[in-house]
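The block underneath contains the structure these notes are about, expressed in C-alpha cells.
The values are calculated or read from the model by the stated rules, or taken from the named source; none is laboratory data. Note that this is a predicted model, so its numbers are computed, not measured. All Cβ positions, glycine included, derive from the backbone under ideal geometry; neighbour counts span all protein chains shown. Accessible surface areas use protein heavy atoms only, side chains included; no ligands, DNA or RNA. Shrake-Rupley method; radii C 1.70, N 1.55, O 1.52, S 1.80 Å.
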Amino acid sequence: MSDTHAKVLAFFEHIDQYYGLHTEITDGLYSRWDDFDANFTTWNLSEFTLIRSAYRKKGDRFMMEGEKMYYEISAKLIVDFKQPARHTYEFVELYGTDVYRITKIKFHSKY
C-alpha cells in the first residue's frame, strides 16, 4: 500500500468526527498535471451538512452524503492526497491520460 493510500484510508476511517458539520466541497477538472493553473480549470462548489459516509466496494468509491447531496471519489484513481490546513483535505484523481479532478473538502469545525 502506498503512503498516499494509507493517508486516504486514515482520513476515511476517522471521517465520522465531521458528521453534523457544514462541509464545503470544491472540485475542478483540469489537464496538464505538471502545469496546474486554476484559471484553466472548470470548478464546482457544493455545500451541505455531512450526514454519513461509506465505501462502495463495487466500483471502489468513497462516498459522502448530506441531505439531498451525494459526492463520490474514486479510490482506484487517486494519485495525490494532502491536508493543507486543519479540517481541509485535497484529493487528485486521474481520469484519463491527462484529465484530472481535484477535490477540496473543508469541514467547518467549531474548534
*Taking the range 6-21, which residues are open to solvent by less than 70 Å² (accessible area, probe 1.4 Å) and either of a type outside the set (A, V, I, L, M, F, W, C) or touching a residue at least 60 places away in the same chain (Cβ under 8 Å) (or both)?*
VAL8, PHE11, TYR18, GLY20, LEU21
*Hey, can you tell me all the residues within the range 27-50 that are surrounded by 14 or more Cβ atoms within 10 Å (Cβ to Cβ) and closer than 14 Å to HIS108 by Cα?*
SER46, PHE48, THR49, LEU50
_Consider the range 51-84. How many of its residues are within 19 Å of HIS108 (Cβ to Cβ) and open to solvent by less than 90 Å² (accessible area, probe 1.4 Å)?_
8
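Quick grid of which residues meet (1) touching a strand residue (DSSP E or B) at 6+ places or on another chain (Cβ under 6 Å); (2) closer than 17 Å to ARG101 by Cβ:
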residue: THR4; (1), (2): yes, yes
residue: LEU21; (1), (2): yes, no
residue: PHE48; (1), (2): yes, no
residue: MET64; (1), (2): yes, yes
residue: GLU67; (1), (2): no, no
residue: ILE78; (1), (2): yes, yes
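Consider ILE51 carefully, then state whether it is within 23 Å of TYR30 (Cα to Cα) and aliphatic (A, V, I, L, M). It would help to see each step written out before you state the result.
Values: within 23 Å of TYR30 (Cα to Cα): no; aliphatic (A, V, I, L, M): yes.
In short, no.
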*asked:* Filter the range 62-78 down to the residues that are more than 12 Å from the chain's Cα centre (by Cα) and in contact (Cβ under 8 Å) with a residue 24 or more places away in the chain and list them by number.
replied: GLY66
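In this structure, is ASP3 modelled with pLDDT under 95, acidic (Asp, Glu) and surrounded by 11 or more Cβ atoms within 10 Å (Cβ to Cβ)? Write out each step before concluding.
Details: modelled with pLDDT under 95: yes; acidic (Asp, Glu): yes; surrounded by 11 or more Cβ atoms within 10 Å (Cβ to Cβ): no.
When the stated conditions are applied, ASP3 does not pass them.
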_Quick check on the range 85-111: of everything there that is within 17 Å of ASP16 (Cα to Cα) and not in a loop (DSSP other than H, G, I, E, B), which residue is most open to solvent (accessible area, probe 1.4 Å)?_
LYS106
